[in-house]
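The values are calculated or read from the model by the stated rules, or taken from the named source; none is laboratory data. Here the structure is a predicted model, which is why all the values come from computation and not from measurement. Cβ placement follows ideal geometry from the backbone for every residue including glycine, while neighbour counts extend to all protein chains displayed. Ligands, DNA and RNA are stripped out before the accessible areas are found, and what is left, the full protein with its side chains, is counted by its heavy atoms. Shrake-Rupley method; radii C 1.70, N 1.55, O 1.52, S 1.80 Å.
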Amino acid sequence: MSFSKAQDLIRLARLAASRRSGISLDEICQEFSISHRTAQRMTDALEITFMNVEVEDGDDRRRRWRVADPMLDRLQPRQETAIEALEIAGRSAQADGRLRHASALADLRDGLLARLAPRDAARTEADAEAVLTAMGSVTRPGPRVNLAPKVLDAVIEALRGPFRLHLRYGDPDAPERVIEPHGLLLGHRSYLVARQPSRGDTILNFRMDRIHTAEALDESFAFAPGFSLEDYAAQAFGVYQDPAQHGEVIWRFAPEVAARAAEFCFHPSQTLELQVDGSLIVKFHAAGWLEMAWHLYQWGNKVEVVAPEGLRSLVDGYQRSDFDGLP
């Protein structure tokens, strides 16, 4: 067995030991980016190598492998990647104003280092810092609206419940209101996705930068039936939702930029169609024409809006030909 395969087998054993219900073939395929057949060979090796391997068929008819072996806890793989990931996540949380998350991530990072021998800890920390330095800034580039940490903490506490949220929104002296938070959309401008019972069952967006005060109440609630934040977010190009604008979007990228445009995921539902003349057609369904226009401006006159007409009119006359670079 090669060293890399041995490392993968040890990692699989740790995953099978740490997950209460074990690990399935589909999960192994996803974790290791391998085929179903390769995953089967790994589980065969797992059963041969370790004595305490339990194989169970769940109610979902999926077979799962679990390793009941506390000795695995004594294995100490190198932690550079974990330290790097926690540090990056912590810096991003700090930049977003999520101070509670930043503190928790720092504690996890320090806990990992504390479990290592002093010499290994020093080497791991130095290696991780070298990678972070080489990566440059880990915060998102470009301007963004700062979020109030106390407001964000209250929102996170309410989402954890879930609990109703008492807030003052809009003007500083606006009447207070009670809402039922369903999720948080983070972007250049962040929105709290919520339902306001006094206004019915409609899901609304509240700009986080316009929430002046917020307090999580000791009142739980039920999420809207069938609500999915992922599906809700996919209705928009960015973070702004406008049901009246939702529909098919079609962009045509010129042949000279088609290859570059094909590298982008403009929207999760997009389809790409390469044309005979070398141009590229991108299609998806979403709303948010203004945010689309902001992005399309970067492509100058190398992109044409085929549909919808409202977006086509919005960008008409603003396609420049003198941009030196592409997005």
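General remarks:
- Only strands (runs of 3 or more DSSP E) whose full extent lies in the range 179-284 are considered here, and the ones with at least 2 residues that are at pLDDT below 95 are 191-195, 203-207, 211-220.
- Considering only residues in the range 72-101 that are more than 12 Å from GLU125 (Cα to Cα), modelled with pLDDT of 75 or more and over 18 Å from the mean Cα position of the chain (by Cα), the one that is least open to solvent (accessible area, probe 1.4 Å) turns out to be LEU99.
- Apart from one condition, ALA104 fits all of (1) among the small types (Gly, Ala, Ser); (2) in a helix (DSSP H, G or I); (3) modelled with pLDDT under 80; the exception is (3).
- Selection within the range 176-210 - touching a strand residue (DSSP E or B) at 6+ places or on another chain (Cβ under 8 Å) and over 21 Å from ALA234 (Cβ atoms): GLU176, ARG177, VAL178, ILE179, GLU180, GLN196, PRO197, SER198, ARG210
- Exclusive hit being within 22 Å of ALA236 (Cα to Cα), open to solvent by less than 70 Å² (accessible area, probe 1.4 Å) and small (Gly, Ala, Ser), set ALA258, ALA307: ALA307
- Cβ separations smaller than 8 Å between residues 6+ apart or across chains give the following pairs from the range 13-30 residues that are free of Cβ contacts under 8 Å to residues at least 24 places away in the same chain and open to solvent by less than 50 Å² (accessible area, probe 1.4 Å) to residues that are of a type outside the set (A, V, I, L, M) and not in a helix (DSSP H, G or I): CYS29/SER35.
- Qualifying residues in the range 279-304 (those that are open to solvent by 30 Å² or more (accessible area, probe 1.4 Å) and touching a helix residue (DSSP H, G or I) at 6+ places or on another chain (Cβ under 7 Å)) - the one farthest from ALA234 (Cα to Cα): LYS302
- Positions within the range 183-236 being surrounded by 14 or more Cβ atoms within 10 Å (Cβ to Cβ), of a type in the set (D, E, K, R) and over 29 Å from LYS283 (Cβ atoms), in sequence order: ARG195, ARG207, ASP209, ARG210, GLU215, GLU219
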